[in-house]
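Presented below is the structure to which this report refers.
The values are calculated or read from the model by the stated rules, or taken from the named source; none is laboratory data. As the structure is a prediction and not an experimental result, all values here were calculated from the model. FYI the Cβ positions are ideal-geometry reconstructions off the backbone, even for glycines, and counts take in every protein chain you see. These accessible areas exclude ligands, DNA and RNA; they are computed on the full protein's heavy atoms, side chains included. Shrake-Rupley method; radii C 1.70, N 1.55, O 1.52, S 1.80 Å.
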Amino acid sequence: MLLDATRNMLPEQAPVLQALRILDQAQAKIALVVNAQGKLSGCVVDGDVRRGLLHGHSLETPVSQIMHRQPYVLPAHSSRQKILHAMQVLEIKQVPLVTPEGLVTGIAVHDLLLGLQHGERPNHVVVMAGGKGKRLLPITQDLPKPMVQLGGKPILEWILLRLRHHGFREFSFAINYLGHVIEDYFGDGTAFGCRIRYVREKDFLGTAGALSLLPPGDTHPLVVTNGDILSGIDFGHLVDFHAAGGRSATVCARAHRVEVPYGVIEMHAGCLQGIVEKPVYDNLISAGIYVLSPQVLARIPKDQVLDMPDLLRSLINAHHAIGVFVLEDEWVDVGRHDDLERAKRNFTDPG
């Protein structure tokens, strides 16, 4: 969605004060300076005004003296994907679109392109919360793993708070084992400032099969996360990365280092070639967090067991683009007792 640029335009001789009013009142926080022929000659943002005042200019100074004379622009007919990609790379939230003659046809605004309103993201989030958590027995004997307490809150609540902090409000919890415990605690989500619906598996459908039970109609990329993953990830940044690349799916990955505490033999044809002492191997592992474009859901068979790696392999075989978003944030897979203890020591409040 583009904004009409008319309200953001001002002539080169206009005072800085007029640019400041545009920045204060217009939806796109950028003032577009045009010449007598109506062609873009520069732009002004808050930083330009501050620098101008620090260099001795006043609010009555012509805006042409403080404007940025080579603003970043895109061609008038740029695709949504191209615009979002440029915004991601350059870390900008708005960009003017211009004709070859230099006439502004509109302003692309990051949040509007993604459908955000009042900081809320339209993307649906599915949390896979139906596993039995056998490795956490006896804690999970009468408690679903996502409801295991950490710092006074269930793991699932920490996940919800992190996502809500980044503007997500629409949730589905895929439940099975002791699912009523989760429903009783979270209800419809009103108490947590969001909306929660439940996908009830009659049988365990794997790490992706429950997605076949979602009602149709979503038009935005879907965030999928396991119900035992705690991370400091910026979920908004993840969705932006996915949208900018035009991908069918995006997989979050985490660096994982394996140290072999022995000398590793290298051999060929039964003969020793060398010994590598205590080698270290670095790999990327799946972090249990994904983004799926809506068309991917049609590939998931109804009520059949399907794990996420199998779904991703089917996309690869069909030549779909799959992005990899490498996490550098705090991340814990709370699958075992030692993981839970580590989470208790290291995990911090996401909100």
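Of the residues that sit in region 235-270 and are hydroxyl-bearing (S, T, Y) and closer than 25 Å to D282 by Cβ, which one is farthest from the chain's Cα centre (by Cα)? By that ranking, first place goes to Y262.
Picking from residues in region 188-200 that are open to solvent by 20 Å² or more (accessible area, probe 1.4 Å) and part of a loop (DSSP other than H, G, I, E, B), the one that is nearest to G115 (Cα to Cα) is G193.
For every residue, the table says whether it meets (1) in contact with an Asp or Glu (Cβ under 9 Å, 6 or more places away or on another chain); (2) at pLDDT below 95; (3) not aromatic (F, W, Y).
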{"position": "A5", "(1), (2), (3)": "no, yes, yes"}
{"position": "I22", "(1), (2), (3)": "no, yes, yes"}
{"position": "K29", "(1), (2), (3)": "yes, yes, yes"}
{"position": "L32", "(1), (2), (3)": "no, no, yes"}
{"position": "G38", "(1), (2), (3)": "no, yes, yes"}
{"position": "L59", "(1), (2), (3)": "no, yes, yes"}
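Every condition in (1) over 20 Å from the mean Cα position of the chain (by Cα); (2) open to solvent by less than 40 Å² (accessible area, probe 1.4 Å) holds for S79 except the one numbered (2). Among the criteria (1) within 30 Å of R200 (Cβ to Cβ); (2) assigned to a strand (DSSP E or B); (3) open to solvent by 70 Å² or more (accessible area, probe 1.4 Å), the one K302 does not fulfil is (2). Of the residues Y281, Y290, the single one that is more than 19 Å from E120 (Cα to Cα), open to solvent by 10 Å² or more (accessible area, probe 1.4 Å), in contact with a Lys or Arg (Cβ under 8 Å, 6 or more places away or on another chain) and assigned to a strand (DSSP E or B) is Y281. Residues of region 310-323 that are closer than 25 Å to D228 by Cα and loosely packed, with under 13 Cβ neighbours inside 10 Å: R313 alone.
Of the candidates D329, D307, the single residue that is in contact (Cβ under 8 Å) with a residue 24 or more places away in the chain, in contact with a Ser or Thr (Cβ under 9 Å, 6 or more places away or on another chain), farther than 30 Å from V89 by Cβ and among the charged types (D, E, K, R) is D307. On inspection, L205 fails the criterion of being under 21 Å from the mean Cα position of the chain (by Cα), open to solvent by less than 20 Å² (accessible area, probe 1.4 Å) and not aromatic (F, W, Y).
Are any of the residues in region 177-193 under 30 Å from H320 (Cβ atoms), of a type in the set (F, W, Y) and either within 20 Å of the chain's Cα centre (by Cα) or modelled with pLDDT under 95 (or both)? No, region 177-193 has no match at all.
So which residues in region 79-137 are touching a Pro at 6+ places or on another chain (Cβ under 9 Å), of a type in the set (A, V, I, L, M, F, W, C) and modelled with pLDDT under 85? Once the filter is applied, which keeps residues that are touching a Pro at 6+ places or on another chain (Cβ under 9 Å), of a type in the set (A, V, I, L, M, F, W, C) and modelled with pLDDT under 85, region 79-137 yields L114, L116.
The number of residues in region 41-58 being of a type in the set (G, A, S), outside any helix (DSSP H, G or I), surrounded by fewer than 17 Cβ atoms within 10 Å (Cβ to Cβ) and free of Cβ contacts under 8 Å to residues at least 40 places away in the same chain comes to 1.
Listed by position, the strands (runs of 3 or more DSSP E) contained in region 88-187 that have at least 2 residues being in contact (Cβ under 8 Å) with a residue 60 or more places away in the chain and open to solvent by 20 Å² or more (accessible area, probe 1.4 Å) are 104-109, 121-128.
Any residue that is in contact with a helix residue (DSSP H, G or I) (Cβ under 8 Å, 6 or more places away or on another chain), part of a loop (DSSP other than H, G, I, E, B) and over 23 Å from K132 (Cα atoms) - is there at least one of those in region 236-247? Among the residues of region 236-247, at least one is in contact with a helix residue (DSSP H, G or I) (Cβ under 8 Å, 6 or more places away or on another chain), part of a loop (DSSP other than H, G, I, E, B) and over 23 Å from K132 (Cα atoms), which makes the answer yes.
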